[in-house]
1. Quick check: the angle from helix 80-93's long axis to the longest principal axis of the chain, C-alpha only, nearest 10 degrees?
2. Report, in whole Å, the centroid distance computed from the Cα atoms of the stretch 72-151 and the stretch 28-54.
3. Can you tell me how much longer the chain between Arg68 and Ser140 gets when fully stretched, taken as 0.36 nm per residue apart minus their C-alpha distance, in nm with one decimal?
4. Residues with beta-carbon under 13 Å from that of Arg68, excluding Arg68: net charge, scoring Lys, Arg +1 and Asp, Glu -1?
5. Compute the helix-to-body angle for 134-145: its Cα long axis versus the longest principal axis of the chain, expressed 0 to 90° and rounded to tens.
6. In nanometres, what is the gap between the two model label sites at Tyr150 and Leu193, each 7 Å from Cα along Cα-to-Cβ?
7. Scan (1) 17.2; (2) 20.7; (3) 17.7 for the value of Kirkwood radius over Cα pairs in Å calculated from this model and give just the label.
8. Along the charge dipole of the stretch 10-138, which of Ser112, Gln63, Leu20 sits closest to the positive end, that is, farthest toward it, with unit charges on the beta carbon of Lys, Arg, Asp and Glu (+1, +1, -1, -1)?
Amino acid sequence: QSPNRQDRFANLAPVAAVVLFLAAIATAFWYLRVEEVEREQEAIKRDVEYAQQRLRLRLLERQEQVMRLARDISNKEIRAGQFISRAEALVMQYPELMTLSWIDDSRRIIASQSVSSIALGTELRAGGVLKVGETEGHFSLARDLMQPIYGQVQSAPDRDTPTAVLQLHTPLTNDQGRFSGVLLAEYTMEGLLRYGIPTEVLA
């Protein structure tokens, strides 16, 4: 019986070697695949971090322009008519900037300038008043904190395809340094992604 058992073991040895070889190949492929997935995830993380930096820098640059205009309004260096021309120059210069609106402390819209038809959904028309909702809530927060506030809203929510909008509420002050309204800048999220992120990263 001992020789027969040895023969069976001898016959099984090549099979076991083949199984071990196949297992080694499968393990190697699995390891390589795991490494590839990890590399892809790391690349995506780097792209996201880079995109965030680019968007943050772009928003800060635009915010400086908006704050400069807000200071001129607070210092009474410009009036409604002059505001329209200044605001038009800004929205023409920065394609992601959808609307600039001057709103007083009673939420009344003094003047508003836009180059996009989708801005009509926000109802920021001169002579109107902010309605209770997301925009009015961001307005109140800017008033309470007396500092620029960012907030996201949906433009034209009653339409089939509402547009995501990023708002910047910059407080205005009167001669006594008290709150006198906000300068509201609205950016389209689509425009920020299109113009603020390199094409290869966006893809």
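1. 20 degrees
2. Centre-to-centre (Cα) distance: 41 Å.
3. Values: separation 72, 0.36 × 72 = 25.92 nm, distance 2.12 nm.
Length difference between fully extended and current span is 23.8 nm.
4. Working: positive: Arg62, Arg71, Arg86; negative: Glu61, Glu64, Asp72, Glu77.
Computed value for this residue: -1.
5. Compared with the principal axis, the helix lies near 70 degrees.
6. For the pair Tyr150/Leu193, the computed spacing is 1.6 nm.
7. (2)
8. Ser112
The values are calculated or read from the model by the stated rules, or taken from the named source; none is laboratory data. Everything numeric in this text was worked out from a predicted model, so none of it was measured. Note: ideal-geometry Cβ built from the backbone for every residue, glycine included; neighbour counts use all protein chains shown. What goes into the accessible areas is simple: the full protein's heavy atoms, side chains included, and nothing from ligands, DNA or RNA. Shrake-Rupley method; radii C 1.70, N 1.55, O 1.52, S 1.80 Å.
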